[in-house]
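Scroll down for the structure; my scribbles are underneath it.
The values are calculated or read from the model by the stated rules, or taken from the named source; none is laboratory data. Worth saying up front: this structure is predicted, and the values here are computed from it rather than measured. Here the Cβ is made from the backbone with ideal geometry for all residues, glycine too, and neighbour counts use every protein chain on show. Note: areas computed on protein heavy atoms with side chains; ligands, DNA, RNA excluded. Shrake-Rupley method; radii C 1.70, N 1.55, O 1.52, S 1.80 Å.
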Amino acid sequence: SSTTTSTTLEPISVSGRFEFNDCGISTTLHIFGGFETGSHEFPWMAALTYENSLKSRELVLCGGVILGTNVILTAAHCTTPFRDFSLTKIKVGHSDLNSEWIEEAEVELIEAHPDFASGPFGPFHDIALLKLKTHLDVKVGIRPICLPEADLDLAKAGNFTVAGWGATESSIRS
């Protein structure tokens, strides 16, 4: 006999919305080919910051995108603890995470897809939302990403850009 389990999740309350139509608009020229990005080239990017249990060390291990003033979209596998490190906050506002332009916000709630699972062929349903304790303000370097229309034909959409923190074209950590 088989058992079916049903889980009802409370929706994440998004109390703030950006009041403009500038989603997905970069404030700099685009750089292609795996090179270091410009300062505010991807203003919708958020660096996910993890702290160890003693709060004495932090790492950036994943990225996400700004959906609303207090919501970040990321991969569900980025929400699970890594060794002694747990996701505690995000950084936004600049590609250089040590810049004076960087703003931090604490993560209040992590909501991974209820069917998220890792397996030998990769993670499945690998998506999660982070609710922030505070709201982000729109400014240079901080803007939401645009989501595609539901009927977007990916085969005809053209080129895509992947952005994040990692090694550059010369294997220098960024």
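Highest mean first, what order results for 97-110, 77-90 on Cβ atoms within 10 Å?
In decreasing order of mean packing, 97-110, 77-90 become 77-90, 97-110.
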Report task. Straight distance only, please: which aspartates and glutamates reach the Cα of K139 with their own Cα at less than 20 Å, same-chain residues fewer than 8 apart left out? Result -> E19, D22, E41, D96, E100, E103, E104, E106
Report summary line: Note: L61 to I145 extended length (0.36 nm per residue) minus current alpha-carbon separation gives 28.2 nm
Query raised in the report: In nanometres, what is the gap between the two model label sites at E51 and A163, each 7 Å from Cα along Cα-to-Cβ?
Result: 2.7
Requested in this report: Leaving ligands, DNA and RNA out of it, report the carbon-plus-sulfur percent of the accessible area of the stretch 45-96 at a 1.4 Å probe.
Outcome: 54
